[in-house]
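Trainee: First the structure, then my questions, so here it is.
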Amino acid sequence: MIHTQDLIKKRILITGANGMLGQRLIKFFMQQKYVEVFMTSLEEKSCFGYNNYIQVDLSKRNEVKKVVYDFYPDFIINTAAFTNVDACETQRELSWKVNVKSVEYLAETARLIDAHLIHFSSDYVFDGKSGPYSEVDKPCPISYYGRTKLAGENIVKLISPLNTIIRTNVLYGPALYGRPDFVKWVVTSLRENKQIRIVTDQINNPTFTDDIVQAVSKITEYKRQGLYNIGGKEFLNRFDFTLRIADYFNLDKSLIEPIFTETLKQPAPRPLKSGLLNLKAETELGYKPHSIEDTFSIIKKELRL
């Protein structure tokens, strides 16, 4: 027997639609029967060529209000962010505008129409001295990017009564458009016999984009609110992760040079011993991340690597 509420379409607005995570969310939700999707990004057109798309600058309050009021979503999934950690140190005004002010306008507008705002944050809200972290650990950002992400979280909690904040780390996955993710970059570089320098002292649990999509789907289904960590299945340093990529794709590991983070002399400090514990998401959302090798298999198949 079909209930009336099952026939009512869930309306989902996805921001940052042309980004790596945005693309996977769109691919998933566009295939759902009782879901209506509308999408926005800073670019003029959708990378998929969809019509249910509009170019929006989220740092302009009037543009945010217009797209939200016109579509009137049940859920707003905000994947838009300024994620270049080093550029955030020098382009602080832009970083604040994208990662904080835009979030404020989305939260304000979501509150006015009772929409549920799902917002993405980062393990960079921590200092990386005692990870992996749970949802109850106290944030202590050491970079400007981390400060903007924590400010964004606080604004969502302060303004939007219906909200879910997802913290994640080291995203990778098979995006068809835009810059290559870490896995594709490693595979391409090693196939071209390029030497790559990879840090041994940054520990995370790299997160597969489709695993995040699975979690978001559960959040929309159960209308779960609050803070959730969504990370990968395994904790390992970036160098070991790169070796796993090379092993899976049968590439020359001698081209991978191990280095320490400080060697790179990057403008922004990195949280070194980091990563996110998934226990809350596993318990409350039934979250089950793929194994690393399974994610490589999906990427290989979809991107024909």
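The values are calculated or read from the model by the stated rules, or taken from the named source; none is laboratory data. Everything numeric in this text was worked out from a predicted model, so none of it was measured. Quick reminder, even Gly has a Cβ in these numbers, built from the backbone with ideal geometry, and neighbours come from all protein chains shown.
Trainee: I need the full set of residues from the range 65-94 which are assigned to a loop (DSSP other than H, G, I, E, B), surrounded by 16 or more Cβ atoms within 10 Å (Cβ to Cβ) and either of a type in the set (Ser, Thr, Tyr) or out of contact with any helix residue (DSSP H, G or I) (no Cβ under 7 Å at 6 or more places or on another chain) (or both), in order please.
Mentor: Passing the criteria: PRO73, ASP74, THR79, THR83.
Trainee: Of everything in the range 135-163, what is touching a residue at least 24 places away in the same chain (Cβ under 8 Å), out of contact with any strand residue (DSSP E or B) (no Cβ under 7 Å at 6 or more places or on another chain), part of a loop (DSSP other than H, G, I, E, B) and more than 23 Å from PRO73 (Cβ to Cβ)? Give them in sequence order.
Mentor: If the condition is that a residue be touching a residue at least 24 places away in the same chain (Cβ under 8 Å), out of contact with any strand residue (DSSP E or B) (no Cβ under 7 Å at 6 or more places or on another chain), part of a loop (DSSP other than H, G, I, E, B) and more than 23 Å from PRO73 (Cβ to Cβ), then ILE142, SER143 are the ones that fit.
Trainee: Another one. Examine the range 190-197 for a residue that is over 24 Å from ASN278 (Cα atoms) and touching a Cys at 6+ places or on another chain (Cβ under 8 Å), and state whether such a residue exists.
Mentor: Among the residues of the range 190-197, not one is over 24 Å from ASN278 (Cα atoms) and touching a Cys at 6+ places or on another chain (Cβ under 8 Å), which makes the answer no.
Trainee: Before we move on, is LYS253 free of Cβ contacts under 8 Å to residues at least 12 places away in the same chain and either buried (at least 19 other Cβ atoms within 10 Å of the Cβ) or of a type outside the set (Val, Ile, Thr) (or both)?
Mentor: Taking the combined requirement at face value, the residue satisfies it.
Trainee: Could I ask something else about it? For residues that are under 25 Å from the mean Cα position of the chain (by Cα) and not hydrophobic (A, V, I, L, M, F, W, C), scanning just the range 249-268, find the one that is nearest to TYR144 (Cα to Cα).
Mentor: Looking at the filtered set, the residue picked out is PRO267.
Trainee: Restrict the check to the range 177-189 and report whether at least one residue is buried (at least 23 other Cβ atoms within 10 Å of the Cβ) and not in a loop (DSSP other than H, G, I, E, B).
Mentor: Yes, the conditions are met somewhere in the range 177-189.
Trainee: Tell me which residues, restricted to the range 103-122, are surrounded by fewer than 24 Cβ atoms within 10 Å (Cβ to Cβ) and under 10 Å from ARG61 (Cα atoms).
Mentor: Passing the criteria: GLU104, TYR105, GLU108, THR109.
Every residue, every condition in (1) modelled with pLDDT of 95 or more; (2) small (Gly, Ala, Ser); (3) touching a Ser or Thr at 6+ places or on another chain (Cβ under 8 Å), yes or no:
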{"residue": "THR263", "(1), (2), (3)": "yes, no, no"}
{"residue": "SER274", "(1), (2), (3)": "yes, yes, no"}
{"residue": "LEU277", "(1), (2), (3)": "yes, no, yes"}
{"residue": "LYS280", "(1), (2), (3)": "yes, no, yes"}
{"residue": "THR283", "(1), (2), (3)": "yes, no, no"}
{"residue": "TYR287", "(1), (2), (3)": "yes, no, no"}
{"residue": "ASP294", "(1), (2), (3)": "yes, no, no"}
{"residue": "LYS301", "(1), (2), (3)": "yes, no, no"}
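Trainee: One residue is enough: does the range 201-209 have a residue meeting the conditions assigned to a loop (DSSP other than H, G, I, E, B), in contact (Cβ under 8 Å) with a residue 40 or more places away in the chain, among the aromatic types (Phe, Trp, Tyr) and under 27 Å from LYS45 (Cα atoms)?
Mentor: Scanning the range 201-209, I find no residue that is assigned to a loop (DSSP other than H, G, I, E, B), in contact (Cβ under 8 Å) with a residue 40 or more places away in the chain, among the aromatic types (Phe, Trp, Tyr) and under 27 Å from LYS45 (Cα atoms), so the answer is no.
Trainee: Being over 30 Å from GLN266 (Cβ atoms), hydrophobic (A, V, I, L, M, F, W, C) and touching a residue at least 40 places away in the same chain (Cβ under 8 Å) narrows it down to one residue among VAL85, VAL37, VAL68; which is it?
Mentor: VAL68
Trainee: Could you list, in sequence order, all residues of the range 282-305 that are assigned to a helix (DSSP H, G or I), under 14 Å from PHE208 (Cβ atoms) and not aromatic (Phe, Trp, Tyr)?
Mentor: Those that are assigned to a helix (DSSP H, G or I), under 14 Å from PHE208 (Cβ atoms) and not aromatic (Phe, Trp, Tyr): ILE292, GLU293, ASP294, THR295, SER297, ILE298, ILE299, LYS300, LYS301, GLU302, LEU303.
Trainee: Take the conditions assigned to a loop (DSSP other than H, G, I, E, B), closer than 16 Å to VAL213 by Cβ, out of contact with any strand residue (DSSP E or B) (no Cβ under 6 Å at 6 or more places or on another chain) and at pLDDT 95 or above and apply them to GLN23. Does it pass?
Mentor: No: the conditions fail for GLN23.
Trainee: Cβ-Cβ distance below 9 Å, separation of 6 or more or different chains: which pairs start in the range 283-302 with a residue that is more than 17 Å from PRO206 (Cα to Cα) and end on one that is surrounded by fewer than 12 Cβ atoms within 10 Å (Cβ to Cβ) and of a type in the set (Phe, Trp, Tyr)?
Mentor: Qualifying pairs under 9 Å: GLU284/TYR222; LEU285/TYR222.
Trainee: Please go through the range 14-37 and give me each residue that is over 16 Å from the mean Cα position of the chain (by Cα) and crowded, with 23+ Cβ neighbours inside 10 Å, ordered by number.
Mentor: Hit for the range 14-37 is VAL37, nothing else.
Trainee: So, ASN62, is that one over 16 Å from ALA17 (Cα atoms), more than 18 Å from the chain's Cα centre (by Cα) and surrounded by fewer than 22 Cβ atoms within 10 Å (Cβ to Cβ) or not?
Mentor: When the stated conditions are applied, ASN62 passes them.
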